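**Student:** Below is one structure. I have some questions about it.
The values are calculated or read from the model by the stated rules, or taken from the named source; none is laboratory data. Fair warning: this is a prediction, and the values are worked out from it, not measured in the lab. Here the Cβ is made from the backbone with ideal geometry for all residues, glycine too, and neighbour counts use every protein chain on show.
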Amino acid sequence: MSEFDPTHYVLIIKCPDTRGIVAAVSGYLNDNDISIVESNQFHDSQGDIFYVRMVFRQAGPKMPPMDILREGFKPIAHRFSMDWSIHNLTIKPKVVIAVSKFGHCLNELLYRWRSGLLPVDIVCVMSNHDDMRSLVEWSGIPYVHLPVSKDNKAEQEKQFLALIDQYQADLVVLARYMQILSDDLARQLEGRCINIHHSFLPSFKGAKPYHQAHQRGVKIIGATAHYVTSDLDEGPIIEQDVQRVNHGHTPEQLVAIGQDIEARVLARAVTWHAERRVLINGGKTVVFN
């Protein structure tokens, strides 16, 4: 067993592509008694941008504290015009979940969190309804009820944002929160708010989309997890999944299948975000999984 600190860190880099980036980074880490545990790179040929995700740990006695390591990395970052950051993977992001009356996505997140499978710290659940209170409080998590109407929506969004600030949340998860965020709130949460929706039913808007899909005889249903932007349901996509269905499925069965897909797609997206595997690339993402 190693006598050194087993803590894993992750280095995230986005920069213009050029020769020598990986050599410079890996050389710097090696010179500081650091072992690279995992390394992923991607070259976006459309924008000529290079993306790197490196997980590392201490391998020898010369590894300095993180503040000194970051300071020493700055000349390399400047040389290659890097947008970069280093994170301690043992520090779990604080998450506020927003939910309405459908509990399938919330249930999945809470189950994985209680089982130690979701690398986040769920600090609060907010809802515009009171339906999920008992489930959330049974899990030992604060539950905040902020009912929303067309007359108080602006004020309740201020309360929602204050709640996020109060708990110093790193991420907001809309687990079937059936309220459209204002453009202002969406902009304030850009890059740190994930939503889930039935993306493979784009033609069926409004109430009961799966019932509408059944009437049209769809053959594939699915879901998309994406970052929230001011463009409704058009933010950078993190994860998607689908399942084939047929004429024998009832509307209720389509609902059950769709909810199962939504729950697991959202859970994967939250996990990958927490593990710093998702890098935003304009209107899309790079996902190292």
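**Student:** Here's a check for you: in region 169-218, which residue that is touching a strand residue (DSSP E or B) at 6+ places or on another chain (Cβ under 6 Å) and of a type in the set (S, T, N, Q) is modelled with the highest pLDDT?
**Tutor:** Checked region 169-218; the qualifying residue modelled with the highest pLDDT is ASN195.
**Student:** Being among the hydrophobic types (A, V, I, L, M, F, W, C) and without any contact (Cβ under 8 Å) to a residue 40 or more places away in the chain is the filter; apply it to region 20-52 and report the residue that is farthest from HIS78 (Cα to Cα).
**Tutor:** Applying the filter and picking the extreme gives VAL37.
**Student:** Applying the selection to region 134-181, what residues are more than 27 Å from GLY258 (Cβ to Cβ), small (Gly, Ala, Ser) and in a helix (DSSP H, G or I)?
**Tutor:** The answer is ALA154, ALA162.
**Student:** Restricting the search to region 65-77, which residues are touching a residue at least 12 places away in the same chain (Cβ under 8 Å), surrounded by fewer than 14 Cβ atoms within 10 Å (Cβ to Cβ) and not aliphatic (A, V, I, L, M)?
**Tutor:** Within region 65-77, GLY72 is the sole residue that qualifies.
**Student:** Out of the residues in region 248-289 that are modelled with pLDDT under 95, among the polar types (S, T, N, Q) and closer than 30 Å to ILE12 by Cβ, which is surrounded by the fewest Cβ atoms within 10 Å (Cβ to Cβ)?
**Tutor:** Top of the filtered list is ASN289.
**Student:** Go through (1) surrounded by fewer than 18 Cβ atoms within 10 Å (Cβ to Cβ); (2) farther than 30 Å from HIS8 by Cα one by one and return the number of the condition SER139 breaks.
**Tutor:** Evaluating SER139 over (1) surrounded by fewer than 18 Cβ atoms within 10 Å (Cβ to Cβ); (2) farther than 30 Å from HIS8 by Cα leaves (2) as the failure.
**Student:** Is there a residue being of a type outside the set (Ser, Thr, Tyr) and on the phi > 0 side of the Ramachandran plot anywhere in region 53-69?
**Tutor:** As a first pass, look at region 53-69 and keep what is of a type outside the set (Ser, Thr, Tyr): 53-69.
Now restrict to residues that are on the phi > 0 side of the Ramachandran plot: none.
So far as region 53-69 goes, no, none of its residues is of a type outside the set (Ser, Thr, Tyr) and on the phi > 0 side of the Ramachandran plot.
**Student:** Additional query: So how many residues does region 79-108 have that are within 21 Å of ILE180 (Cβ to Cβ) and either outside any strand (DSSP E or B) or among the hydroxyl-bearing types (Ser, Thr, Tyr) (or both)?
**Tutor:** Residues in region 79-108 being within 21 Å of ILE180 (Cβ to Cβ) and either outside any strand (DSSP E or B) or among the hydroxyl-bearing types (Ser, Thr, Tyr) (or both): 7 in total.
**Student:** Could you identify the single residue in GLN215, GLN243 that is of a type in the set (S, T, N, Q), in a strand (DSSP E or B) and surrounded by fewer than 21 Cβ atoms within 10 Å (Cβ to Cβ)?
**Tutor:** From the options GLN215, GLN243, the qualifying one is GLN243.
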